[in-house]
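In what follows, a single structure is set out as structure tokens and then discussed.
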Amino acid sequence: MLLEQEMKTTLRILEIEETCTGCGGCVSVCAKNALSLKYNEEGFYYPLLDEEKCVDCKFCEKACHVLNNIVPEKPSRNYDAYMLKAKDKDIVRKSSSGGIFTLLADEIIRQNGVVYGARYNYEKERLEHASSDDCSLDDLRKSKYIESYSGDIFKDVRKQLIEGRKVLFCGTPCQIEGLHKYLEVKRVVTTNLLLVRFVCHGVPSNRFFTEYKHYEEAKADSKMVYFDFRPKTRGWRNSDWLMIFANGKKETGPYYYYYYYYYFQLCSLLRKSCYSCKRVFHDVADITIGDFWGIGKYMPDNKDQEGISMALVHSKKGFNALNQISDFEYVERIPVEATDYIFREMAERVFLLDKRCNIMTKVLKNGYMKVAQKTLRFPMLTWRLKNFVKKLLGRKI
């Protein structure tokens with residue numbers, strides 16, 4: 001019995017904290033339900049083992065994309081790049097950029113397919129993966145800068161594919177690789193699967209977001225019923241934040257007015273694996289989508305404030321999916337060099353990881369909001385003062 005317990009505790013997926021992405025592939029593949037995703041002390045999702053249920057089959061290790069995938073050290077240029085925008089102004093307004101996710105999703109749903117993405121569950125207070133069968137497309141669209149809980153959602157994707165449905169799965173690069181590896185281990189035919197990853201800045205902790213949400217709710221003396229990281233209040237090119245509360249209160253402003261959003265922009269408290277991530281170099285997805293922030297250099301005279309999307313097409317399946325869409329205001333092929341901004345220098349990440357470790361130590365000791373208020377209060381006040389001066393000078397002119 002002692003030997004059996006010793007074997008169970010040597011699962012390699014439990015020993016990769018620095019590189020584990022919390023994708024949930026190991027949880028989904030376990031036939032005995034011996035694994036579940038739980039918060040660690042930093043509030044990030046990691047697999048937790050129930051040793052009583054484990055039979056040491058090691059399928060979890062076979063399905064782990066971290067343990068089995070070899071990720072290139074340098075960016076792949078094996079893709080076609082496009083800038084595009086939806087014709088429907090309502091879609092663009094409701095999207096973070098130009099509406100590419102909605103256009104791809106609408107086409108899949110039109111074919112009686114199903115779309116998977118991340119929605120915020122206000123009751124459970126977490127970002128979680130869900131399908132268009134269970135919620136509206138409105139819940140799945142738009143950028144949400146929080147780590148999402150995937151649970152065993154890969155099982156549901158597998159079920160839909162086996163039943164012959166078209167499936168679009170949208171997620172972070174690591175979630176895409178996790179699903180890809182899981183389906184490979186389960187030997188599922190993926191002809192009907194469209195893998196869409198978005199350009200990922202890294203994921204902060206859902207626990208920290210919840211603590212910040214409670215802080216804002218206490219200030220408003222009401223529950224938060226809606227938030228938006230990209231409301232386009234001052235136009236697409238500005239990173240603003242919007243909160244709406246049950247009592248009717250509403251607040252919006254630039255990211256540097258709000259503790260959680262400011263930390264996200266600084267990359268100060270992301271998941272550990274985000275600082276060494278090179279999955280943006282690995283073309284497992286069929287399409288990569290995101291805001292076309294390269295527009296400033298590629299077309300400096302373009303002043304669009306509604307939103308422009310970027311799409312990198314990595315496969316024939318991705319090209320066919322894009323080609324099926326007719327509801328574009330425009331779609332233009334761009335040189336791959338115009339997308340260089342998505343590749344972060346690894347040296348910078350190493351520096352940020354050191355900074356992250358220092359801040360996280362303080363957070364674990366004193367609490368997220370106390371550290372945020374102490375660390376960010378002065379730079380936030382500085383930004384407010386600068387904006388006030390700009391407005392004042394603008395009035396005088």
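Key figures for this structure:
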{"read-out": "Residue 237 of a type outside the set (A, V, I, L, M, F, W, C) and without any contact (Cβ under 8 Å) to a residue 12 or more places away in the chain", "value": "no"}
{"read-out": "Residue check for residue 252: assigned to a strand (DSSP E or B) and under 13 Å from residue 342 (Cβ atoms)", "value": "no"}
{"read-out": "Output for segment 33-52, where each listed residue is closer than 24 Å to residue 187 by Cβ and loosely packed, with under 13 Cβ neighbours inside 10 Å", "value": "33"}
{"read-out": "Residue in segment 297-311 that is in contact with a His (Cβ under 9 Å, 6 or more places away or on another chain) and open to solvent by 40 Å² or more (accessible area, probe 1.4 Å) present", "value": "no"}
{"read-out": "Given (1) of a type in the set (Val, Ile, Thr); (2) open to solvent by less than 20 Å² (accessible area, probe 1.4 Å); (3) in a loop (DSSP other than H, G, I, E, B), index of the condition residue 71 fails", "value": "(2)"}
{"read-out": "Top-ranked residue of segment 62-104 - restricted to ones that are at pLDDT below 95 and hydroxyl-bearing (Ser, Thr, Tyr), ranked as nearest to residue 278 (Cα to Cα)", "value": "76"}
{"read-out": "Test: residue 146 is assigned by the TED database to the domain that holds residue 236, open to solvent by 50 Å² or more (accessible area, probe 1.4 Å) and among the β-branched types (Val, Ile, Thr)", "value": "no"}
{"read-out": "Candidates 364, 393, filtered to the one that is among the aliphatic types (A, V, I, L, M), modelled with pLDDT of 90 or more and more than 22 Å from the chain's Cα centre (by Cα)", "value": "364"}
{"read-out": "Those residues of segment 359-393 which are loosely packed, with under 11 Cβ neighbours inside 10 Å and aromatic (Phe, Trp, Tyr), in sequence order", "value": "378, 388"}
{"read-out": "Residue match in segment 74-96 (condition: touching a Leu at 6+ places or on another chain (Cβ under 8 Å), in the same structural domain as residue 16 (by the TED database) and either in contact (Cβ under 8 Å) with a residue 60 or more places away in the chain or not charged (D, E, K, R) (or both))", "value": "no"}
{"read-out": "Of all residues in segment 150-167 being within 30 Å of residue 43 (Cα to Cα) and open to solvent by less than 30 Å² (accessible area, probe 1.4 Å), the one that is nearest to the chain's Cα centre (by Cα)", "value": "150"}
{"read-out": "Any hit, segment 229-237, residues being polar (S, T, N, Q), outside the structural domain of residue 22 (by the TED database) and over 22 Å from the mean Cα position of the chain (by Cα)", "value": "no"}
{"read-out": "Unique residue being closer than 20 Å to residue 276 by Cβ, at pLDDT 95 or above and of a type outside the set (D, E, K, R) when the list is 20, 30", "value": "20"}
{"read-out": "Members of segment 168-188 that are surrounded by fewer than 24 Cβ atoms within 10 Å (Cβ to Cβ), aliphatic (A, V, I, L, M) and touching a Leu at 6+ places or on another chain (Cβ under 7 Å)", "value": "188"}
{"read-out": "Residue in segment 347-366 that is assigned by the TED database to the domain that holds residue 82, small (Gly, Ala, Ser) and under 17 Å from residue 80 (Cα atoms) present", "value": "no"}
{"read-out": "Odd one out for residue 136 among (1) surrounded by fewer than 17 Cβ atoms within 10 Å (Cβ to Cβ); (2) touching a residue at least 12 places away in the same chain (Cβ under 8 Å); (3) assigned by the TED database to the domain that holds residue 266", "value": "(2)"}
{"read-out": "Test: residue in segment 99-115 that is closer than 22 Å to residue 46 by Cα, in contact (Cβ under 8 Å) with a residue 24 or more places away in the chain and in the same structural domain as residue 321 (by the TED database)", "value": "no"}
{"read-out": "Cross-chain or 6+ apart pairs with Cβ under 6 Å, segment 333-345 first and modelled with pLDDT under 80, then of a type outside the set (Ser, Thr, Tyr) and open to solvent by less than 60 Å² (accessible area, probe 1.4 Å)", "value": "343/75"}
{"read-out": "Subset tally (residues that are of a type in the set (Asp, Glu) and surrounded by 14 or more Cβ atoms within 10 Å (Cβ to Cβ)) for segment 333-358", "value": "0"}
{"read-out": "Qualifying residue in segment 214-221 (condition: of a type in the set (Ser, Thr, Tyr) and over 17 Å from residue 97 (Cα atoms))", "value": "yes"}
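The values are calculated or read from the model by the stated rules, or taken from the named source; none is laboratory data. What you are looking at is a predicted structure, and each value in this text was computed from that prediction instead of being measured. With ideal geometry, Cβ positions are generated from the backbone for all residues, glycine too; neighbour counts draw on all protein chains shown. Just the protein is used for accessible areas: all its heavy atoms, side chains included, with ligands, DNA and RNA removed. Shrake-Rupley method; radii C 1.70, N 1.55, O 1.52, S 1.80 Å.
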